[in-house]
Amino acid sequence: MIYVLTPDAMRAADAAAIARAGEDELMHNAGRRVAERLRAMAGPQTPIVAFAGPGNNGGDAFAALAELAPAYECTVAADAAGAYSDARQAAQARAAAAGVRTVPLPSSEDEANAMLEGAIGVDGLFGTGARLPLPQSYRHLARALDARARPVLAIDIPSGVDALTGAVSEDAVRAVVTVALGALKPGLLLEPGREYAGELWCAQIGIDDATLAAAPREFAALDVSEFLRLLPRRAADTDKRAAGAPLVIAGSAQFPGAAVLCARGAARAGAGYVTVAAPSAAANTLRAHLIEQVFVELDDAAKPQAIADELLDISKRNGAVAIGPGLGLDERTSKIFVRFLEANSLPIVIDASGLFHLSKRLDLLRDKPCVVTPHAGEFARLSGKGTIAPGTRVARIREFVERTGVTTLLKGSDTLIYDGTGPVHINPTGTSALATAGTGDVLTGIIATLLSQGLSPVDAARAGAYWHGLAGRYAARERRVGVIAGDVAESLGEALPTLARQPEAASRIR
């Protein structure tokens, strides 16, 4: 299990661990974990140059390079003297004994770039407690540590990224790899800091699980092991409906493909019996594409009340409902939607056009098992509070859920999930491969299946988002250009990870 701790909570956990094990041991362990990633990045002759700031983040840089020298040519640029902790002084002594060269910090950006030429750069300038903007005297160093120009590893968090909010200063370090120490910080998962962190690892450094678990849980994120524990398992004697039987209410003459993609997402997520209900105008297209799923044609001429009642009757044989992808925006569809929601008692996921019809009737969902999955534009309408300003996504989803009681998945590269009773969950597997039409419909199908298999709304949403991201990443590896939503649905099975037999000292998060 991984933990996501705010900077204040992380400092408290550090202090507790230091009181138990000692600061030197924690720094020694941090150096080992960082060194492991540097070995994976470096070639046999690649020099490694670290910029060490005034605190223990700089000490971690010395500790890491002490593990690598003399096998690698290692240099630490640091201030010659300072009020350093005993642990940092011990790390500096180990580095010197191993043959690490220590030089003064470069005084200009050109000098810093020259020092880093051909080397792997290590950002040990500032850690979790740094305030933005960076001190003027360090900004040229941060600009030189730029992943667009050279491989850069950041220790704990890239300097210039706010550990709580993910906000970045103008001169923030851009890393290829970030090794978070002890626990993740929200700013590593939230945009724009997420982009600056690059490949993200979380390393155990000797802070025990009890200490981490005792910290306030304002945020959370899944890792592979917890995701796999959430996924339902088919019993040997499971029948097709018990394996998951979602009802998909979706599609229209204009957007029949949304219903197809939602149904495929549901099926590839493991549903044993997928039922799709759609208007007559979409029937020919859906029958041509839905071979394994059951299709129910809804009479376009029937009264809204009759259609809603028909859907309610169909739903008696289902375990959950997905509603919204590709639905019409007309008044008749709205009446069907409202009538169905009023009487429905099954767990339900609402997306796309369903959110349009829901925007003025959020009261229909109070105290019902439900997930809504808006993107930022849909959320602006649904929340009634307008466009989401930069840096306010967490505050906005908290306010909305606490006001409405509706479990919400706010889409984005840093998708957020919140149900009002626990932490805000940040999905770590988002990828630009999902930035294509129809992938949201696939996600809706995945969540519907997980709901029908018995997961709670918040667990179905966070597991669905995690799996959706894994499938997007898998599809992008298989097809470097031109990933489409259907590829994501078809990649769900192949993208499932396996659980390592032994827990690792450092876990890759993305």
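One table, with the values for the structure above:
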| item | result |
| --- | --- |
| Residue 249 being surrounded by 22 or more Cβ atoms within 10 Å (Cβ to Cβ) and within 29 Å of residue 37 (Cα to Cα) | no |
| Checklist (1) surrounded by fewer than 20 Cβ atoms within 10 Å (Cβ to Cβ); (2) closer than 20 Å to residue 60 by Cα applied to residue 185, failing item | (1) |
| Selection within the range 254-287 - under 26 Å from residue 468 (Cβ atoms) and either out of contact with any helix residue (DSSP H, G or I) (no Cβ under 7 Å at 6 or more places or on another chain) or at pLDDT below 95 (or both) | 254, 255, 257, 267, 272, 273 |
| The listed residue being in contact with a helix residue (DSSP H, G or I) (Cβ under 9 Å, 6 or more places away or on another chain), closer than 27 Å to residue 398 by Cβ, surrounded by fewer than 20 Cβ atoms within 10 Å (Cβ to Cβ) and at pLDDT 95 or above, out of 167, 172, 221 | 167 |
| Residue 261 being within 30 Å of residue 185 (Cα to Cα) and within 29 Å of the chain's Cα centre (by Cα) | no |
| Any pair with Cβ under 7 angstrom, 6 or more apart, that starts in the range 147-167 at a residue that is assigned by TED's automatic domain parsing to the domain that holds residue 192 and more than 22 Å from residue 115 (Cβ to Cβ) and ends at one that is at pLDDT 95 or above and surrounded by fewer than 20 Cβ atoms within 10 Å (Cβ to Cβ) | 163/7; 164/7; 166/191; 166/192 |
| Unmet criterion (only one of (1) surrounded by 24 or more Cβ atoms within 10 Å (Cβ to Cβ); (2) under 27 Å from residue 184 (Cα atoms)) for residue 39 | (1) |
| Failed condition for residue 124, given (1) within 20 Å of residue 188 (Cβ to Cβ); (2) surrounded by fewer than 15 Cβ atoms within 10 Å (Cβ to Cβ) | (2) |
| Residue in the range 172-181 that is of a type outside the set (A, V, I, L, M) and within 21 Å of the chain's Cα centre (by Cα) present | yes |
| In the range 33-75, the residues that are among the polar types (S, T, N, Q) and farther than 19 Å from residue 142 by Cβ | 45, 46 |
| Pairs with Cβ under 6 Å, 6+ apart, first in the range 53-79 and in contact (Cβ under 8 Å) with a residue 60 or more places away in the chain and farther than 19 Å from residue 18 by Cβ, second among the polar types (S, T, N, Q) and in a loop (DSSP other than H, G, I, E, B) | none |
| Flag for residue 489 being in the same structural domain as residue 373 (by TED's automatic domain parsing), buried (at least 22 other Cβ atoms within 10 Å of the Cβ), over 18 Å from the mean Cα position of the chain (by Cα) and among the hydrophobic types (A, V, I, L, M, F, W, C) | yes |
| Checklist (1) among the hydroxyl-bearing types (Ser, Thr, Tyr); (2) at pLDDT 95 or above; (3) out of contact with any Lys or Arg (no Cβ under 9 Å at 6 or more places or on another chain) applied to residue 498, failing item | (2) |
| Complete set of residues in the range 414-455 that are more than 21 Å from residue 223 (Cβ to Cβ), of a type in the set (A, V, I, L, M, F, W, C) and assigned to a loop (DSSP other than H, G, I, E, B) | 435, 437 |
| Which numbered condition residue 456 misses (of (1) surrounded by fewer than 24 Cβ atoms within 10 Å (Cβ to Cβ); (2) in contact (Cβ under 8 Å) with a residue 40 or more places away in the chain; (3) in contact with a Ser or Thr (Cβ under 7 Å, 6 or more places away or on another chain)) | (3) |
| Every residue from the range 395-406 that is within 20 Å of residue 361 (Cα to Cα) and free of Cβ contacts under 8 Å to residues at least 12 places away in the same chain | 403 |
| Segments classed as helices (runs of 4 or more DSSP H), wholly inside the range 319-394, with at least 1 members that are surrounded by fewer than 15 Cβ atoms within 10 Å (Cβ to Cβ) and without any contact (Cβ under 8 Å) to a residue 40 or more places away in the chain | 331-343, 376-383 |
| Residue identified as over 23 Å from the mean Cα position of the chain (by Cα), assigned by TED's automatic domain parsing to the domain that holds residue 154 and of a type in the set (A, V, I, L, M, F, W, C) among 249, 207 | 207 |
| Some residue of the range 213-231 being more than 21 Å from residue 431 (Cα to Cα), touching a Pro at 6+ places or on another chain (Cβ under 7 Å) and not hydroxyl-bearing (Ser, Thr, Tyr) | yes |
| Single condition residue 95 does not satisfy, out of (1) buried (at least 17 other Cβ atoms within 10 Å of the Cβ); (2) under 24 Å from residue 169 (Cβ atoms); (3) touching a Leu at 6+ places or on another chain (Cβ under 8 Å) | (2) |
| Helices (runs of 4 or more DSSP H) fully within the range 4-103 counting 1 or more residues that are in contact with a strand residue (DSSP E or B) (Cβ under 8 Å, 6 or more places away or on another chain) and closer than 30 Å to residue 423 by Cα | 23-41, 56-68 |
| Any strands (runs of 3 or more DSSP E) falling wholly within the range 191-296 and containing at least 3 residues that are in contact (Cβ under 8 Å) with a residue 60 or more places away in the chain | 199-203, 246-249 |
| Any hit, the range 305-317, residues being over 28 Å from residue 465 (Cβ atoms), among the polar types (S, T, N, Q) and in a helix (DSSP H, G or I) | yes |
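The values are calculated or read from the model by the stated rules, or taken from the named source; none is laboratory data. Since the structure is predicted, the reported quantities are computational estimates derived from the model, not experimental observations. Please note: Cβ atoms are built from the backbone with ideal geometry, for glycine as well, and neighbour counts cover all protein chains shown.
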